[in-house]
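Have a look at the structure below before the remarks.
The values are calculated or read from the model by the stated rules, or taken from the named source; none is laboratory data. No experiment lies behind these values; they were computed from the predicted model shown. Don't worry about glycine lacking a Cβ; one is built from the backbone with ideal geometry, like all the others, and counts go over all protein chains shown.
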Amino acid sequence: MLAHALRAFRAPGLAAWLLALGWAAVIFGFSSVPSLGSGLGTWDLVLRKLAHVAEYAVLGLLLLRASGAIGWAWTLGVAYAATDELHQSFVEGRRGVPLDVAIDAVGVALGIVALILFRASPHRGGRP
């Protein structure tokens, strides 16, 4: 049933992949900002980690929509998170943090689960 739901709602190929790549570019842009911080102390840390989860949840959702495969979506999302942390290690005032890859992986998983639940909902979009 889950496999059928994933096949039934897979987005058209190139457009879906371009959307996922576009979102990855947005993440890259945020990662390129030197010394990103609000100066809010502990709240700054919490907000930045929540932002990691949110941006990677969107990426996970888009990757699942494009690939139609949970395993591929998760693997590609986590691999991108790892390369993003490597990229940040070269940005002034930033550093690559392995813990952030784990936080990003949670975000990817949440995005995948959200899309699966949406697709499985019998009342999505107000339709029976």
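Just a few scattered comments:
- From Ala79, Ala66, residue being out of contact with any strand residue (DSSP E or B) (no Cβ under 9 Å at 6 or more places or on another chain), without any contact (Cβ under 8 Å) to a residue 24 or more places away in the chain and within 23 Å of Ala15 (Cβ to Cβ): Ala79
- Residue in the range 35-43 that is under 17 Å from Ala102 (Cα atoms) and not hydrophobic (A, V, I, L, M, F, W, C) present: no
- Out of Val33, Val91, one residue alone is in contact (Cβ under 8 Å) with a residue 40 or more places away in the chain, over 20 Å from Ala15 (Cα atoms) and exposed (fewer than 14 other Cβ atoms within 10 Å of the Cβ). It is Val33.
- Selected residue [farther than 18 Å from Trp17 by Cβ, of a type in the set (A, V, I, L, M), free of Cβ contacts under 8 Å to residues at least 40 places away in the same chain and touching a Gly at 6+ places or on another chain (Cβ under 8 Å)] from Leu40, Leu45, Leu86, Leu110: Leu86
- Members of the range 3-29 found to be surrounded by 13 or more Cβ atoms within 10 Å (Cβ to Cβ) and at pLDDT below 90, listed by number: Ala5, Leu6, Phe9, Arg10, Ala11
- The listed residue being in a helix (DSSP H, G or I) and exposed (fewer than 13 other Cβ atoms within 10 Å of the Cβ), out of Leu99, Leu59, Leu40: Leu99
- Residue in the range 81-89 that is part of a helix (DSSP H, G or I), over 9 Å from the mean Cα position of the chain (by Cα), within 11 Å of Ala109 (Cα to Cα) and of a type in the set (A, V, I, L, M) present: no
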